Amino acid sequence: MEARSGAPRRQLCPAGVMLLALASLLSCWLPSGQAKVYSRCELFRVLQDFGLEGYRGYSLADWLCLAYFTSGFDSAAVDHEADGSTNNGIFQINSRKWCKTLQENTANQCGTYCTDLLNPNLKSAVLCAMKISQQPQGLRSWPAVSNRGIDSPEPHLVSLLTRWEALRTGRGVGWASMGHFGSHRVL
């Protein structure tokens, strides 16, 4: 027979600590699975499904350019501004006025949390962008749009937009017939 000592046996790692460590490890994998960088064609279809073609007079090409110049089609893009606000999601919607943060003094005109704008399903981001586009400035509410003139577009942008419009209509079109770019000076 073996003799037992009266001291309690020590566990190397209590079950609660092991469960906490496992949960922490799993949480590291979850956020990376939520981020999505869309392809041009994929985002075109998603925005079309949301009904953005012709919304407030803007073509899908307008909305695609907005997404491209603000986030590079990245649904989880976050940019930190000098004033402490953040630009969030595929349309880089600013927290100062449009979404709720942990700070109490945000206006939250879209009625959503800024983190919801990072969701790859884009519902909150599209709904908020639609609300912003109802402002008198339309898509020029975004600095990425208002700082870029469409009268002298970059050659690669013309090519890109021509391909998007050809996707939408099933035929190739010229720059002049590309929706409302010229009249709104969108990008």
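Looking only at residues of segment 88-126 that are of a type in the set (A, V, I, L, M) and out of contact with any helix residue (DSSP H, G or I) (no Cβ under 8 Å at 6 or more places or on another chain), we find that the one that is modelled with the lowest pLDDT is L102. Which residue pairs have Cβ atoms closer than 8 Å, lie 6 or more positions apart in sequence or on different chains, and pair a first residue in segment 100-126 that is part of a loop (DSSP other than H, G, I, E, B) with a second residue that is modelled with pLDDT under 95 and open to solvent by 70 Å² or more (accessible area, probe 1.4 Å)? Once the first residue is part of a loop (DSSP other than H, G, I, E, B) and sits in segment 100-126, its partners that are modelled with pLDDT under 95 and open to solvent by 70 Å² or more (accessible area, probe 1.4 Å) give T106/R96; T106/K97; A107/R96; A107/K97; Q109/K97; N119/Q34; P120/Q34.
On the stretch given as segment 74-106, residues that are small (G, A, S) and either open to solvent by 60 Å² or more (accessible area, probe 1.4 Å) or under 23 Å from F44 (Cα atoms) (or both) total 5. When each of R40, R56 is tested for being under 16 Å from G138 (Cβ atoms), open to solvent by 20 Å² or more (accessible area, probe 1.4 Å) and in contact (Cβ under 8 Å) with a residue 60 or more places away in the chain, the lone residue that passes is R56.
The values are calculated or read from the model by the stated rules, or taken from the named source; none is laboratory data. Bear in mind the structure is a predicted one, so any value in this text is a computation, not a measurement. Positions of Cβ are backbone-derived with ideal geometry, glycine not excepted, and every protein chain shown enters the neighbour counts. SASA here: full protein model, heavy atoms, side chains in, ligands and nucleic acids out. Shrake-Rupley method; radii C 1.70, N 1.55, O 1.52, S 1.80 Å.
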